[in-house]
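Participant: Before we start, here is the structure in question, set down as structure tokens.
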Amino acid sequence: MRRFLRPGHDPVRERLKRDLFQFNKTVEHGFPHQPSALGYSSFLRLMAIGTRSGAIKLYGAPGVEFMGLHEENNTVMQIHFIPDQCQLVTLLDDNSLHLWSLKQHSGASELREEHRFTLKGPPGSPPSATQITAVLPHSSREVLYLGTESGNIFVVELPSFKVLEDRTITSEAVLQWVPEDYCSRRSCELVEALREHPKNPDQILIGYSRGLIVLWDLQNSKVTHQFLGSEQLENLYWQRDGSKFISCHYDGSYTQWPVSSDNRQPEPLENLVPYGPFPCKAISKIYWQTTKNGLPYIIFQGGMPRASYGDRHSISVVHGSQQTAFDFTSRVIDFFIIFSSEPSAEFDDPSAMVVLAEEELVVIDLKTAGWPAVHPPYLASLHCSAITCSHHVSNIPLKLWERIISAGSKQNIHYSSMPWPIDGGTNIAPDPPQRDLLLTGHEDGTVRFWDASGVCLHLLYKLSTVKVFLTDADPNDNMNTQGEDEWPPLRKVGTFDPYSDDPRLGIQKIYLCKYSGYLAVAGTAGQVLVMELNDEDAEHIVDHAEADLLQDQEGYRWKGHEKLKTRDGPVQFEAGFQPFVLVQCQPPAVVTSLALHSEWKLVAFGTSHGFGLFDHQQKRLVFVKCTLHPSDQLALEGPLSRVKSLKKSLRQSFRRIRRSRVSSRKRRGGSGNASEVQEANAKFDQDTLQEMELAPVQRKIEARSAEDSFTGFVRTLYFADTFLRDSSRHCPSLWAGTNGGTVYAFCLRVPPAERRMDEPVRAEQAKEIQLMHRAPVVGILVLDGRSAPLPEPLEVAHDLSKSPDMQGSHQLLVVSEEQFKVFTLPKVSSKLKLKLTALEGCRVRKVMVANFGSCRTDDYSENDLAVLTNLGDIQIISLPFLKLQIRYPCIRKEDVSGIASCVFTKYGQGFYLISPSEFERFSLSTKWLVEPRCIVDMPEVTSNNHVHNKSDMENTARKSSLGDYGEDERKSGRLMEHALLNDEKVLKEIQSTLEGSR
Amino acid sequence: QFGAEFRRFSLDRYKPGKFEDFYKLILHIHHIANLEVMIGYADVHGDLLPINNDDNFFKAVSSAHPLLRVFVQRQDEVDYSNFGTNTLSRKKKALVTLRNDNLRRRPHINISMPHDFRPVSSIIDVDILPETHRRVRLYRHGCEKPLGFYIRDGTSVRVTPHGLEKVPGIFISRMVPGGLAESTGLLAVNDEVLEVNGIEVAGKTLDQVTDMMIANSHNLIITVKPANQRNNVIRSSRMSGSSGQSTDSTASHHSLPTSHMLQNFHPDEMESDEEADIVIEGGLEPQHIPKLHSLTSSSLSRINGSSLGHRLQRDLVLNNNSGRESNGNIHKLLSSLKTDPRHSLVIPRGGIEEDGTVITL
């Protein structure tokens, strides 16, 4: 019938839809998955990270981010910035070179690929002849020197990538300058390193893998010095004045060589194995940094004793008598030192060390005694413990925001106070319109609070629930306890620690009330904690209650994990959210739904067995309701029953899998070319699927029945003040929806505030609705008389929302995986429905009410449902008429974890995990858009570069003047929107300060 | 008892009045006021058609040339076995063509009364589908049998302007012995699934099609291209008068005036894709569980009133003492619903087409 009632194409509505909805993937938060290369420009003060899926990301000052993606999706092997230019060159593992540049376009800089190039040898030559191993962008900015596996060095012109064949430095040409006896050892096998002389651009240092190092004169095409190393070479580093250089070697040694005009074949000055005398691992990179006081900083990667510390990922910093071997949590990809780059400066004076490890970015402050770490404003490792759930809260009142920040700052005292050293570029994006929090629950029982207002996802505060429980983890088992005279002087740095000792601690559901500061957190072993924000440290006893969800069901046995043991007596809590109530569900199955009503002081929780309501004011369990179907044996026994004996070994292998996944899977890419990466990923997934499913896939067609498994699984809980029983009186109510398509409604009697402690909260079942299609209920919502969703608890009390319309009749919206259905209240009769699955074959995975404002007028906004389906599509469905407004493909349907991790915000944005460590942020709204917008200006450059820059600038100017008008229009639109947002922000600011003073 | 009684009376052709009045008039004329009767008439083709509402009464009167032959039969003697051709059977309204022994001498096929049956399946839309396709409707509602089939991915060959082309398709891969799908005999392994409830499956994944079928499982209409093309119905070219009005299954389905239906043909059965959610009111004063018959009729009136949802609401009351007990109660109710007698009132349709027998009048 629906299709006949559907009105025709309404042009007014279509126009409005364009003003309201717009889909954009705006920014990727977190740490890039599988980084493979690192580059830094001391000129631009920008850092570049390349990944195994061919993405390249540039970071500067907080908010300055660029992202590019190589079409080939191949691993980025090396990144080199062109000196004194807004350009960089990347080398991929398919031996292709790519030139990228940052160009200004309509007021903001953009990263674009300009050229690509693959070095080709003469016909018939082996591929190794042109396999690039080392890249040197020359300071003249005109040529690149490309060292190859054959030992030849090719010269290509920039930016055309034209090979200058007459300037090729062949290994034969080099060898004729090397003594005969040395030559016999195939000394010119592979070019390991190319380094330009720091003072004389006409000289380059060439290091071959067998140990030979020569200084080559570009003007005269001859070797001026030979350094006859005997160890396999890893890397080279010039000292600042060009009088010495360092070579580091495979055997864990480094050697200092003098360069002077009087000795053309000098002996090494010093040869040292820092962690000898036993065999050591290679030192793969070394820095020698001079300082004013004469003591150099020697910083090198690796070199640990092979037998006892061979598995460590270390970088050692030696400065006089101080020596620390920073021990990283994952493999070190690369690192660089930030030092004085002024050509006039006499010394390097290193200020910071930036280390890109496989799973996190660590920055060490070398200026401050003790070399503390610097807290990065971006590139946070979201996955330092695996993310198990997320929760987004929009528009946090200033007061709460400040309290969370202050609690967090107390946790961050061990960080250096140094300002973020990578500060290139200028962030020109408008200030974030509001303060948003993203809360992530983790496998290790922690909740992390992220500032999700802007482009930089920044950790504000970390909450641990572990203290409440007694766990297997031995507190004395501390890896960091190192004696003073320990050798090597290892020091653990970084936060990445994916190994949870007790999976029961995992956080599954989070609910934060932004007005009251109450936080409810629920976990894997049926634990529900209610917390309150306290600005001081405190020691108190956590009230403990048990909720037996099976009640009197006889003959069932839970075969899953045990409940967590609680700590007796008072527990010391640091400032921040401190638990005061613990409810443990029995059986201790994972909590599958959670709702908190801060005004009524009630918390509701559900598992696969049933749900309960707890009064956290009186600390009393109000009721429990078992939702189990008698035949649902699986739910009773627990999901782990069948694999219990394997549990431990499984956990072990999961760790291995998680680790190996890192190396086997290509990273998915960015917003620009996301579809390509997604395709590549899809192909990969398909390949694995094909391996797995040799038998033909078939699907059973069977209607759902009451006997299906996990019908009692509580999927959603919802508090509403509505007309549950009759149309004259409204009352508090609790709604619960199950996996079997049942909705339970309970009428609550909450005593008035003055007798809140004296009278018990009462609950009575008022309704039970069985949806005949029996699909899981994923959302319940009550719409008021104006068809607006009921406001959040305390929202009205804080004057942040209109009070709901209690005059007109309320409506109940039940969202199942298959259908959206509107019922009348109090008499539950069906009014409207949208059968999504029957029509499209997709199912609802996530649903949330979002407010969409028009980008044209400030006074129009509407509430719609934002829906994510199992196919990864996002649909917007109007309220209350349930009409599909618009649909966007967002996540690949094979990306199950991406779909499962998606959260919507209240203003039409959303986040989902594109890798264990990265959230993709998207926006459905034309009004609320958070995306990077920044400018990288060329700093003042020395006179001889001037001509270059000018022509460059002219080019850019010409290009931008030719730019399409659409862009300009968009820009002006955004400026206006910015102004409006600012207004609103100001308003909210005023509101929250008022609130604070109350 | 009323073997052959004839009465002749006159009506105003242009103002026939209401069916209700006509019905009373008939009963009065025949002095059978206490009997439930079925009134039928012979149309221009000589087909016997029922008169049971204002519309078809009006039609009957206006088409009478010059005489309207009205046949009156006792309700319980109405022989449902010989009703329309396949095109007629598709109409859920069941334009029952009653056989009249007085007019035609045909061997009487003795089939039990319809209330001994419930529909399990039917072939529909034969008139609008290519002969190579078959649209099958499976009724799971109130049926204990599982639907009982599996689908798989496969490739099918299509004729396109560019020649033959291989395209991915969805096929029936397995039938569960004793399941509904198998027992109908209308579906078979390797039949290609083309549509699910009017929506093409081309371009959809196996999982999407699975979800669509499950979502429609209470009233599943699948269009297949049978692997075995030999059993196709050879259609007679002659369409009965009323078949022309439908072009699409869903369209005809909805175009019927649902408010003008035989009382004993339950509209929720007609509209069985509109499911009924069960709402249990707790905490109200206890009432007796209403009889199912009164329930369904009360639901009927509501359905007529609302244009959108034909849902059946049952106000079942239970002692809301303990959840356990109430669960049990719901269960009893649910199982009693499954054997709801209303299902038995709809005429079985599947069997006739199955063996290719076409009954022409």
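The values are calculated or read from the model by the stated rules, or taken from the named source; none is laboratory data. Since the model is a prediction, treat every value here as computed from it, not as a measurement. Here Cβ is always computed from backbone atoms with ideal geometry, including for glycine, and neighbour counts include all displayed protein chains. When the accessible area is computed, the model is the full protein with side chains, heavy atoms only, and any ligands, DNA or RNA have been set aside. Shrake-Rupley method; radii C 1.70, N 1.55, O 1.52, S 1.80 Å.
Participant: Kindly provide the set of residues from the stretch B:141-162 that are in a loop (DSSP other than H, G, I, E, B) and within 8 Å of chain A (Cβ to nearest Cβ), ordered by number.
Facilitator: B:P146, B:L147, B:G148
Participant: Something else now. For the stretch A:765-785, give me each residue that is among the charged types (D, E, K, R) and either out of contact with any Lys or Arg (no Cβ under 9 Å at 6 or more places or on another chain) or in the same structural domain as A:Y518 (by the TED database) (or both).
Facilitator: A:E768, A:D784
Participant: Right, here's the next one. Determine whether A:S801 is of a type in the set (S, T, N, Q) and open to solvent by 50 Å² or more (accessible area, probe 1.4 Å).
Facilitator: Criteria not met by A:S801.
Participant: Could you please give the count of residues in the stretch A:740-775 that are open to solvent by 30 Å² or more (accessible area, probe 1.4 Å), in a loop (DSSP other than H, G, I, E, B) and within 14 Å of chain B (Cβ to nearest Cβ)?
Facilitator: 2
Participant: Can I ask one more? Would you point out which residue out of A:T742, A:T722, A:T716, A:T738 is more than 29 Å from A:V590 (Cα to Cα), β-branched (V, I, T) and at pLDDT 90 or above? Steps first, please.
Facilitator: Details: A:T742 fails: more than 29 Å from A:V590 (Cα to Cα); A:T716 fails: more than 29 Å from A:V590 (Cα to Cα); A:T738 fails: more than 29 Å from A:V590 (Cα to Cα).
So the residue among A:T742, A:T722, A:T716, A:T738 that is more than 29 Å from A:V590 (Cα to Cα), β-branched (V, I, T) and at pLDDT 90 or above is A:T722.
Participant: I've got another one for you. Filter the stretch A:817-833 down to the residues that are crowded, with 21+ Cβ neighbours inside 10 Å and more than 10 Å from chain B (Cβ to nearest Cβ) and list them by number.
Facilitator: A:F820, A:L825
Here is a yes/no grid of residues against (1) touching a Lys or Arg at 6+ places or on another chain (Cβ under 9 Å); (2) of a type in the set (D, E):
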| residue | (1), (2) |
| --- | --- |
| A:D348 | yes, yes |
| A:V354 | no, no |
| A:E359 | yes, yes |
| A:D365 | no, yes |
| A:H375 | no, no |
| A:C384 | yes, no |
| A:S390 | no, no |
| A:S394 | yes, no |
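Participant: Is it the case, given these coordinates, that A:R264 is at pLDDT below 95 and more than 43 Å from the chain's Cα centre (by Cα)?
Facilitator: For A:R264, the condition - at pLDDT below 95 and more than 43 Å from the chain's Cα centre (by Cα) - is met.
Participant: Continuing with this model, one more query. Across the stretch A:70-81, which residue is farthest from A:P419 (Cα to Cα) among those that are surrounded by fewer than 23 Cβ atoms within 10 Å (Cβ to Cβ) and of a type in the set (A, V, I, L, M, F, W, C)?
Facilitator: Among those that are surrounded by fewer than 23 Cβ atoms within 10 Å (Cβ to Cβ) and of a type in the set (A, V, I, L, M, F, W, C), it is A:M77.
Participant: Out of all the residues in the stretch A:878-918, which are touching a helix residue (DSSP H, G or I) at 6+ places or on another chain (Cβ under 8 Å) and part of a loop (DSSP other than H, G, I, E, B)?
Facilitator: A:I891, A:R892, A:K893, A:E894, A:D895, A:P916
Participant: Of all residues in the stretch A:277-298, count the ones that are out of contact with any Asp or Glu (no Cβ under 9 Å at 6 or more places or on another chain) and assigned to a strand (DSSP E or B).
Facilitator: So the answer is 1.
Participant: Could you check the stretch A:877-905 and list, in sequence order, the residues that are hydrophobic (A, V, I, L, M, F, W, C), within 14 Å of chain B (Cβ to nearest Cβ), surrounded by fewer than 21 Cβ atoms within 10 Å (Cβ to Cβ) and under 22 Å from the mean Cα position of the chain (by Cα)?
Facilitator: Within the stretch A:877-905, just A:V896 meets the criteria.
Participant: Which of the residues that make up the stretch B:128-162 are open to solvent by less than 30 Å² (accessible area, probe 1.4 Å) and closer than 14 Å to A:K700 by Cα? Show your work before the answer.
Facilitator: First pass over the stretch B:128-162, keeping only residues open to solvent by less than 30 Å² (accessible area, probe 1.4 Å): B:129, B:135-139, B:142-143, B:147-149, B:151, B:154, B:156.
Those that are open to solvent by less than 30 Å² (accessible area, probe 1.4 Å) and closer than 14 Å to A:K700 by Cα: B:L147, B:G148, B:F149, B:I151.
Participant: Is it the case, given these coordinates, that A:I874 is open to solvent by less than 10 Å² (accessible area, probe 1.4 Å) and either more than 14 Å from chain B (Cβ to nearest Cβ) or under 23 Å from B:G203 (Cβ atoms) (or both)?
Facilitator: So A:I874 passes the test.
Participant: Still on this structure, I have one more. Does A:R306 meet the test of being in contact with a Cys (Cβ under 8 Å, 6 or more places away or on another chain), open to solvent by 50 Å² or more (accessible area, probe 1.4 Å) and at pLDDT below 95?
Facilitator: On the way: in contact with a Cys (Cβ under 8 Å, 6 or more places away or on another chain): yes; open to solvent by 50 Å² or more (accessible area, probe 1.4 Å): yes; at pLDDT below 95: yes.
Criteria met by A:R306.
Residues are listed down the side, and each one gets a yes or a no for (1) free of Cβ contacts under 8 Å to residues at least 12 places away in the same chain; (2) assigned to a loop (DSSP other than H, G, I, E, B); (3) more than 13 Å from chain B (Cβ to nearest Cβ):
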position: A:P804; (1), (2), (3): no, yes, yes
position: A:S809; (1), (2), (3): no, yes, yes
position: A:L839; (1), (2), (3): yes, no, no
position: A:R845; (1), (2), (3): no, no, no
position: A:F852; (1), (2), (3): no, no, yes
position: A:R856; (1), (2), (3): no, yes, yes
position: A:N863; (1), (2), (3): no, no, yes
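Participant: Within the stretch A:776-793, is there a residue that is touching a residue at least 24 places away in the same chain (Cβ under 8 Å) and within 13 Å of chain B (Cβ to nearest Cβ)?
Facilitator: Within the stretch A:776-793, one or more residues are touching a residue at least 24 places away in the same chain (Cβ under 8 Å) and within 13 Å of chain B (Cβ to nearest Cβ).
Participant: Just to check your reading of the model, which residue among A:F614, A:F580, A:F623 is in contact with a strand residue (DSSP E or B) (Cβ under 7 Å, 6 or more places away or on another chain), of a type in the set (A, V, I, L, M, F, W, C) and open to solvent by less than 10 Å² (accessible area, probe 1.4 Å)? Outline the logic, then answer.
Facilitator: Working: A:F580 fails: open to solvent by less than 10 Å² (accessible area, probe 1.4 Å); A:F623 fails: open to solvent by less than 10 Å² (accessible area, probe 1.4 Å).
Criteria check complete, one pass: A:F614.
Participant: In the stretch A:362-409, how many residues are free of Cβ contacts under 8 Å to residues at least 24 places away in the same chain and closer than 27 Å to A:A352 by Cβ?
Facilitator: At the first step, the residues of the stretch A:362-409 found to be free of Cβ contacts under 8 Å to residues at least 24 places away in the same chain are A:369-370, A:402, A:409.
Among the residues that remain, those that are also closer than 27 Å to A:A352 by Cβ are: A:369-370, A:409.
Adding up the residues that qualify gives 3.
Participant: Oh, and also: I need the full set of residues from the stretch A:53-69 which are touching a His at 6+ places or on another chain (Cβ under 9 Å) and surrounded by fewer than 23 Cβ atoms within 10 Å (Cβ to Cβ), in order please.
Facilitator: Within the stretch A:53-69, just A:P62 meets the criteria.
Participant: If you check A:D799 against the conditions, is it on the phi > 0 side of the Ramachandran plot and away from chain B (no Cβ under 12 Å)?
Facilitator: Working: on the phi > 0 side of the Ramachandran plot: yes; away from chain B (no Cβ under 12 Å): yes.
When the stated conditions are applied, A:D799 passes them.
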